[in-house]
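To keep things clear, I will list the structure first and then write my remarks on it.
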Amino acid sequence: MKKLKSIQEAINMIKPGSSIMVGSFGLAGYPEKLIEALAESELKDLTIISNDLGSPGIGLGKLLRNNQIKALIGNYYNWNPEVAMANNEGKIKVTLVPQGTFAEAIRAAGVGIPAFFTPTSAGTDLAQGKEIKIFNERTYIMEESIKADVALIRAYKADELGNLVYYKTARNFNPLMAMAANLVIAEVDEIVPTGTLDPECIVTPHIFVDVITAKEGI
Amino acid sequence: MKKLKSIQEAINMIKPGSSIMVGSFGLAGYPEKLIEALAESELKDLTIISNDLGSPGIGLGKLLRNNQIKALIGNYYNWNPEVAMANNEGKIKVTLVPQGTFAEAIRAAGVGIPAFFTPTSAGTDLAQGKEIKIFNERTYIMEESIKADVALIRAYKADELGNLVYYKTARNFNPLMAMAANLVIAEVDEIVPTGTLDPECIVTPHIFVDVITAKEGI
Amino acid sequence: MQVISEEKAKQRIAKLVAQYFDKCAEEKTLFINLGVGIPTMVADYITNTNIFLQAENGMLGVGKAASEGQKDRNLINAGRVPITETSGCSFFDSSTSFGMIRGGHIDATVIGAFEVDEEGTIANWIIPNGKQLGVGGAMDLVSGARQVIIAMQHTTKKGQPKLVKKCKLPITGVGEADIVVTEMGVFFLENNKLVLKQIAPEISLDILSCITEADFEVSSDLKVMDVD
Amino acid sequence: MQVISEEKAKQRIAKLVAQYFDKCAEEKTLFINLGVGIPTMVADYITNTNIFLQAENGMLGVGKAASEGQKDRNLINAGRVPITETSGCSFFDSSTSFGMIRGGHIDATVIGAFEVDEEGTIANWIIPNGKQLGVGGAMDLVSGARQVIIAMQHTTKKGQPKLVKKCKLPITGVGEADIVVTEMGVFFLENNKLVLKQIAPEISLDILSCITEADFEVSSDLKVMDVD
């Protein structure tokens, strides 16, 4: 049961300047309480690796307003126009990675694959400077894996060991990020006794999870 | 319901000389009735892509005794010494791929990735002739994806659309092969009404499955 | 030049795409990904039940938009719209979802575009120095889906052609478009050429050429759109 | 030279590895993959409940071998032995399983070997022109697991040393061994050198050197094995 910590204890494990993956797609499946506590912390110079940055001032958008962000790696910031503004003003550095490549690159880091080839983005601005290779007469781009110091993820239920299951489209990037960071902190809606989750339906085995923290506090 | 076919109808869809992936690990999770029917068919010159070749004369081992096999791609034939004999006699061509690379290469084919880098086999005989690349001072081997004309897989339950769930360690390579072949035929223990499988627990969504055939016949 | 209202134009485009899918689905089951905007509207006009919708945020079997009382913020499509489940739907992570797309398992994607050119090259992800910053899954979808169907109005709000000789905006994919559907015409990319297959009932071929920068051929089997 | 029976030697090796894991597990949860043969026996001697076993055919939380009435041919470990489930176990496909291994999530793998050399290079997958043809997960395990522990008898049946200067058989991985446990000694690879940490109670350092082809250093903290 040593994995179980309070939201604050979990956030205290993060160092300034860390790269942090955050599960989410829009406002679905993001670790609300962890982000709230992160926004209230002194942590700065963060590199946030996430699909998007929520909405202006909401979810991950809070961290931008607080000037806690140094860089972003992700793919879709149109839901939060403050990102383009901060980027245009040179306040933050944004690296865009196509969504499918982004997902695959995070998984790759988790499974020990340093790089892979994808047809996505071939011939576009996002392939500039990247190695290309031809397979079967088609052009592919070499993409490197994306890892992080910390992953803040959201799951539906955890058992006491840290096995996780998710909820509908709140699953998104969460199971991938659970594999790709040195410190994986999961915020869950409910903690259930070990043995009550169906072994066939566990999406994230507990080997990937370092800390469990319940949304409602423990 | 057009996906539902008899074992024989399913086998009739396969052409001589095909490359065929077969899910299994030892004798766990292999499509028994399909292999039986394949062994009774006239199909020859097959390339079988599987973890192993069962036991002598059992499971996939039958196909070898029947001289239906031209080539094997897999990783562990120690459970069926007839494979080494046939290979030493030049009757079949065996390509060994480390098990983890084998699994990942099949997944890669399924998800449109033509090649990836892995540290596995670096410096060994199995890396001979393969492209290498250094990432972070470590040597990695470029491995190409493995696809097939046909996949014969085994699942526990299918719904009428073809969504699949598996049973314990009978899962193994089956969900990967479901993504990596042009024609995917699933042998299942039971067909249940659509809507009765939990959407959170479906391992293989029906988009990947072309034909369902029930072990006990339909 | 505006012969029908924007609202009607959008509905017509969505209907034409739906007609196409309904016909294809008579032959085989279709798995389709719909982009944001006009593409989303396609779902409202599909009648064949042999068509399944995929959302790249991790769902197969996307149902209708959720009504007010049904909304669940954790059950959304890729446009962040709350949706519903269908029987036999499933959920999966983003790498599996894009695996379906990149792996060629999705029969068609319908997306909007700023520009499409004579070679089927698409620009739909960014207008430089604008207020938008995002690529989303657009590049994965155009390179991964078996068919790429562009659903867009024929001209910009300022009346500029969107079917151009050569894309000027940053591109999303080279030569990836297969079909372009506008309220004025339905074009297929065949042998690297745009071929007009259907034309709007309101206009002539001459007028269509005037509002289309790209060169196109006219199918010997040209039909007038079947619109109500 | 055989001072203890083969049976006892194997048990001792398994016990020594288990002792090591039990100690490590006082500090942190351990996730371990056990190979076929002596490595499988390690499970019988582990006492710390903070240790979880992974089987590369797709299971975390492998339990004891199944008794006769419990056997299920679809619930096996990587050695095809029917096993049981533990509370909190989970099943997954082979790419996820090897993702755990290659991705560095497995704390240790215990495997047998034909030869291990002074640089920690391992040969354990094939004897050329033999009756065996298979690599299995050996190469993935030695390159992926954080610690590679070799559990093998000190010499071959013919009395040849297995700890050699340089591997002659086809290798499984270059410099991947971290610990070598035999019934005669426990060696750690430190700074690219073999260092003897424990020695069997039955033999002297001189004798150990005689039956070991590889050069090794002796730890200043050399202990006699704690064996019953």
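The values are calculated or read from the model by the stated rules, or taken from the named source; none is laboratory data. Everything numeric here is computed off the predicted structure, so don't read it as measured data. Don't worry about glycine lacking a Cβ; one is built from the backbone with ideal geometry, like all the others, and counts go over all protein chains shown.
How about segment D:145-173: which of its residues are in a loop (DSSP other than H, G, I, E, B), touching a Phe, Trp or Tyr at 6+ places or on another chain (Cβ under 9 Å) and buried (at least 19 other Cβ atoms within 10 Å of the Cβ)? Once the filter is applied, which keeps residues that are in a loop (DSSP other than H, G, I, E, B), touching a Phe, Trp or Tyr at 6+ places or on another chain (Cβ under 9 Å) and buried (at least 19 other Cβ atoms within 10 Å of the Cβ), segment D:145-173 yields D:M152, D:K162, D:C167, D:I171, D:T172. Which residue is surrounded by the fewest Cβ atoms within 10 Å (Cβ to Cβ), if the candidates are limited to segment B:43-80 and must be under 24 Å from D:R73 (Cβ atoms) and of a type in the set (S, T, N, Q)? Within segment B:43-80, the match that is surrounded by the fewest Cβ atoms within 10 Å (Cβ to Cβ) is B:N66. A count restricted to segment B:16-25 and to residues that are surrounded by fewer than 24 Cβ atoms within 10 Å (Cβ to Cβ) and either within 14 Å of chain D (Cβ to nearest Cβ) or out of contact with any Lys or Arg (no Cβ under 7 Å at 6 or more places or on another chain) (or both) stands at 3.
Among A:T95, A:T124, A:T120, A:T101, which is touching a helix residue (DSSP H, G or I) at 6+ places or on another chain (Cβ under 6 Å) and either over 30 Å from A:T194 (Cα atoms) or of a type in the set (F, W, Y) (or both)? Checking each option against the conditions leaves just A:T120. For segment B:43-101, give me the residue count where each residue is within 11 Å of chain D (Cβ to nearest Cβ), β-branched (V, I, T) and in contact with a Phe, Trp or Tyr (Cβ under 9 Å, 6 or more places away or on another chain). Residues in segment B:43-101 being within 11 Å of chain D (Cβ to nearest Cβ), β-branched (V, I, T) and in contact with a Phe, Trp or Tyr (Cβ under 9 Å, 6 or more places away or on another chain): 3 in total. Taking segment D:111-120 as the range and being part of a loop (DSSP other than H, G, I, E, B) and touching a strand residue (DSSP E or B) at 6+ places or on another chain (Cβ under 7 Å) as the test, the residues that pass are D:G112, D:A113, D:F114, D:E118, D:G120. Kindly indicate whether B:L38 is buried (at least 24 other Cβ atoms within 10 Å of the Cβ), touching a residue at least 40 places away in the same chain (Cβ under 8 Å) and more than 20 Å from B:N172 (Cα to Cα). Here the answer is yes, as B:L38 does meet what is asked.
Yes/no per residue for (1) more than 9 Å from every other protein chain (Cβ to nearest Cβ); (2) under 22 Å from C:G99 (Cα atoms); (3) in a loop (DSSP other than H, G, I, E, B):
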| position | (1), (2), (3) |
| --- | --- |
| C:A43 | yes, no, no |
| C:N48 | yes, no, yes |
| C:N57 | no, yes, yes |
| C:K64 | yes, no, no |
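In this structure, D:Q132 does not qualify as in a loop (DSSP other than H, G, I, E, B), touching a residue at least 12 places away in the same chain (Cβ under 8 Å) and among the polar types (S, T, N, Q). For segment B:111-147, the set of residues classified as away from chain C (no Cβ under 14 Å), hydroxyl-bearing (S, T, Y) and within 23 Å of B:A180 (Cβ to Cβ) consists of B:T118, B:T120, B:S121, B:Y140, listed by residue number.
Put simply, of A:A158, A:A148, A:A186 the only residue that is over 24 Å from A:A105 (Cα atoms), buried (at least 17 other Cβ atoms within 10 Å of the Cβ) and either out of contact with any Ser or Thr (no Cβ under 9 Å at 6 or more places or on another chain) or of a type in the set (A, V, I, L, M, F, W, C) (or both) is A:A158. Selection of segment B:74-132 for residues being closer than 16 Å to A:E104 by Cβ and either at pLDDT below 95 or in a loop (DSSP other than H, G, I, E, B) (or both) yields B:V111, B:G112, B:I113, B:P114.
When segment B:48-63 is filtered for residues that are in contact with a strand residue (DSSP E or B) (Cβ under 6 Å, 6 or more places away or on another chain) and in a strand (DSSP E or B), the ones remaining, listed by number, are B:I48, B:I49. The C-beta contact set for segment B:198-212 (first residue facing another protein chain (nearest Cβ under 7 Å), second residue at pLDDT below 95 and part of a loop (DSSP other than H, G, I, E, B), distance under 6 angstrom, 6+ apart or interchain) is empty.
Looking across segment C:68-110 at every residue that is touching a Phe, Trp or Tyr at 6+ places or on another chain (Cβ under 7 Å) and in contact (Cβ under 8 Å) with a residue 60 or more places away in the chain, the one that is nearest to the other protein chains (Cβ to nearest Cβ) is identified as C:H105.
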